[in-house]
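Reviewing the structure listed below.
The values are calculated or read from the model by the stated rules, or taken from the named source; none is laboratory data. What you see is a predicted model, and the numbers here were worked out from it, not measured in a lab. Using ideal geometry, Cβ is built from the backbone for each residue, glycine included, and neighbour counts are taken over all protein chains shown.
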Amino acid sequence: MIMNSKTLWLVTALICCCIWSALAIPKFWIANAKRPAYIECASSDECTFDSCCVLGMDRYSTPICQKKLQLHDNCRLASEEPVNSTVAYPDGQVVSLHKVHLIMCPCADGLSCDYKSRTCVNFDDAYSFNELNETPNRFDD
Ligand SMILES: *[C@@H]1O[C@H](CO)[C@@H](O)[C@H](O)[C@H]1NC(C)=O
């Protein structure tokens, strides 16, 4: 049997399609297996510019995007800096988190967490760490 060019094209397309599926489907499957559906964010980069990825301190807390704190909101010094973490869940899933904030978001851009009042204040009004003789214990709250 002699294949005409149309048949040849169809056979080629079919083979390409098979190869593509064989490569793409497992990739798709692995990418989704990597990240359980209950993980809303694995990094603050996945949240909008005015929100951040927050991880609660309860056992099996799941990270979620939350709004950054606004002027006069209560803040936590230890939540200002992002951290990397790995969390494990009862279903056996282990998820690496990058640039997440513990318990709450930091103050919004232009604001900072005042060392004394523990509220978000305009950046220039914040009690400066540089003026302190000793480094405050940022995790003591
Ligand atoms: C988190 O991980 C990134 C890249 O993996 C690294 O550059 C950064 O220094 C880490 N941050 C902390 C607080 O360990």
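Summary of values
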| quantity | calculated |
| --- | --- |
| Qualifying positions in the range 1-59 - part of a helix (DSSP H, G or I) and modelled with pLDDT of 95 or more | S44, D45, E46 |
| Tabulated pairs, the range 68-88, first of a type in the set (D, E), second within 16 Å of the ligand (Cβ to nearest atom), C-beta under 9 angstrom, 6+ apart or interchain | E80/H101; E80/P106; E80/R138; E81/H101; E81/P106; E81/R138 |
| Set S79, S117, S51, S112: member being within 16 Å of the ligand (Cβ to nearest atom) and of a type in the set (G, A, S) | S79 |
| Count of the range 104-132 residues which are modelled with pLDDT of 90 or more and surrounded by 15 or more Cβ atoms within 10 Å (Cβ to Cβ) | 13 |
| Selection within the range 91-105 - within 15 Å of P63 (Cα to Cα) and either more than 16 Å from the ligand (Cβ to nearest atom) or not polar (S, T, N, Q) (or both) | Q93, V94, V95, L97, H98, K99, V100, H101, L102, I103, M104, C105 |
